[in-house]
Amino acid sequence: MREHVLILRILNAKKRLMSFIETTGSFAMQRATSFAQMISFAAAVFYRLFMLGTYNSATRTVLVNQIYFTSIQILPAFLAVSVLFGSVLIGIVFQLLKNLGLTDLFGNVLMGLIVTELSPLFTVLLITLRSGAAINTEMAAMKVNQEIKTLETFRIDVINYLLAPRVVNGIISVVLLSFLFSIVLMGSGILFSRVIFGISADVYVNILLNSTNFSDIVIALVKCAVFGFFITFIPIYFGLRATHELTSIPIVVSRGMVSVFAAILIIEVLSLLTKLM
Amino acid sequence: MTFFDTEEKLSRAVQKFLRVNPRNAAPVCEDIPLLSNQEAWLNIALIKQYHENMSAQASRKLVFNWLKRLGLESVADKRNLALGDKERFLVKLLRSAMVQNAAILINRPFNMVPQLKNIDPILQALKTIDDLYSSCHIYDYDWMEQKYGALCR
């Protein structure tokens with residue numbers, strides 16, 4: 001009798017273990033398939049960016065509007081935050097370097113860490129918060145309202161008309177705004193280097209130029225472009241996965257934004273790894 | 001004008017129409033809405049801008065001329081939700097007419113403009129823009145025949 005109960009318990013445990021493995025496997029497969037689909041769609045969009053046929057009067061109009069919404073409308077707030085945050089940050093970093101007796105390293109810290117690492121990250125976070133969320137919601141609302149069906153009915157390619165201009169805008173905006181943030185930081189640097197280290201603008205510029213590493217600039221530019229691609233592509237991809245129900249909008253927006261932040265972290269870590277190598 | 005006795009038959013006919021005219025089908029339906037993030041004139045101009053690469057200025061001029069002919073210049077800068085039923089229908093009609101050699105299909109017009117008493121205003125609008133399309137078909141249910149008056153006798 002005891003043996004019988006023991007066998008039954010073992011069978012039950014085995015069944016539960018099998019069920020757990022099946023659920024985990026199915027979940028992992030689902031995630032892997034979904035990730036593979038997203039990457040293959042991203043590759044298709046990336047390929048289209050280089051096709052001349054993608055760009056016509058309609059896509060150019062969308063591109064100009066998107067650049068206005070993303071880069072121009074944000075300018076006053078972006079500049080204010082950059083001046084405020086950038087100046088305080090530069091002030092703190094310079095003071096810290098002086099206290100640690102690392103004054104001669106301030107050029108390397110400014111160019112290698114703050115300009116090439118921090119400014120793309122800061123810019124991409126601001127643009128994601130403002131435009132990424134807006135694009136995600138816009139796409140989801142278009143899907144719910146059947147506006148995507150309208151485009152398909154009139155033989156307007158969704159990738160060409162909706163994705164390409166927004167993704168190109170993302171790349172242009174992140175690169176330009178990141179450059180602007182770096183300029184503001186370096187501008188603040190002139191002021192703080194005079195106050196803290198007592199060096200003139202000429203010497204400051206010389207130190208910066210000597211500390212500039214061409215490969216760092218290239219990595220920073222590529223990183224900005226990759227950031228720009230994914231912070232617009234992922235919100236559109238998730239937005240287009242909305243169903244025809246209004247309640248699907250918050251679901252796809254939250255999934256999209258979480259994925260965008262995950263992508264930002266992954267890109268940032270990969271870029272830091274390339275610096276370590 | 002074609003009438004159907006069931007929703008299924010009508011829906012099949014619409015699908016067949018879209019299949020038969022893959023390059024120039026231009027449906028005016030309730031479930032093919034205007035783009036809500038674009039003004040009325042941009043919704044119409046989009047077809048010319050996308051398919052014929054017409055510049056934004058040229059397409060704007062063209063669309064405003066057509067809207068003027070339909071007496072709709074005042075709605076050009078309005079968006080979908082700000083339009084009345086009849087205005088929305090006419091903007092959709094004009095958008096469809098922008099397709100090259102357009103084969104317009106108006107699916108249940110009285111569904112889109114419920115306050116219409118008969119088909120005359122729609123026929124009048126079609127007549128105003130008759131140089132823009134190559135054919136026009138209207139699909140509706142049997143029980144709406146009376147609204148089409150003498151046309152179906």
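Rule-based calculations on the coordinates, nothing more; no lab input. No experiment lies behind these values; they were computed from the predicted model shown. All Cβ positions, even for glycine, are placed from backbone atoms using ideal geometry, and neighbour counts span all protein chains on display.
Just A:Val175, A:Val83, A:Val195 to compare: in a GNM of chain A, with alpha carbon springs under 10 Å, which one fluctuates most?
So, out of A:Val175, A:Val83, A:Val195, the one fluctuating most is A:Val195.
Just how many % of Cα pairs in segment A:146-276 lie over 20 Å apart, if you round to the nearest whole percent?
In whole percent, the long-distance tail amounts to 62.
For chain A, list the DSSP H helices whose alpha carbon atoms reach 24 Å or more along the long axis and whose average Kyte-Doolittle value is 1.6 or above?
A:75-99, A:164-192, A:214-239, A:248-276
Within 10 Å of each Cβ in peptide A:147-157, how many partner chain Cβ atoms are there on average? Round it to a whole number, please.
Mean inter-chain Cβ contacts per residue within 10 Å come to 6.
From the gyration tensor of the Cα coordinates in segment A:1-120, what semi-axes in whole Å does the equivalent ellipsoid have, largest first, with each one equal to sqrt(5λ)?
Listed largest to smallest, the semi-axes of segment A:1-120 are 53, 34, 14 Å.
Please work out the Cα center distance from segment B:32-80 to segment A:64-138, rounded to the nearest Å.
Cα centres, segment B:32-80 to segment A:64-138: 40 Å.
Please check: in the Gaussian network model of chain A (C-alpha springs, under 10 Å), which one of A:Gly53, A:Gly170, A:Gly107 has the largest mean-square fluctuation.
Fluctuation is largest for A:Gly53.
Can you list the residues, at least 5 places off or on another chain, whose amide H is less than 5 Å from the amide H of B:Leu70, using H built in the peptide plane?
Amide H neighbours of B:Leu70, under 5 Å, 5+ apart: none.
Go from 0 up to the bin containing the longest alpha carbon distance in segment B:2-152, width 5 Å each, and give me the % of pairs per bin.
Percent of pairs per bin, in order: 2, 9, 19, 22, 22, 14, 8, 3, 1, 0.
With N set to the number of residues, divide the alpha-carbon radius of gyration of the protein assembly as shown by 2.2 N^0.38 Å and report two decimals.
My calculation over the Cα atoms of the protein assembly as shown gives 1.33.
As I understand it, the dipole of segment B:2-152 uses +1 on the Cβ of Lys and Arg and -1 on the Cβ of Asp and Glu, about the Cα centre. Which of B:Ile104, B:Val20, B:Ser55 lies farthest toward its positive end?
B:Ser55
Debye sum, Cα scatterers, segment A:58-276, no solvent: what log₁₀ I/I(0) at q = 0.13 1/Å?
Log10 of I(q)/I(0), two decimals: -0.77.
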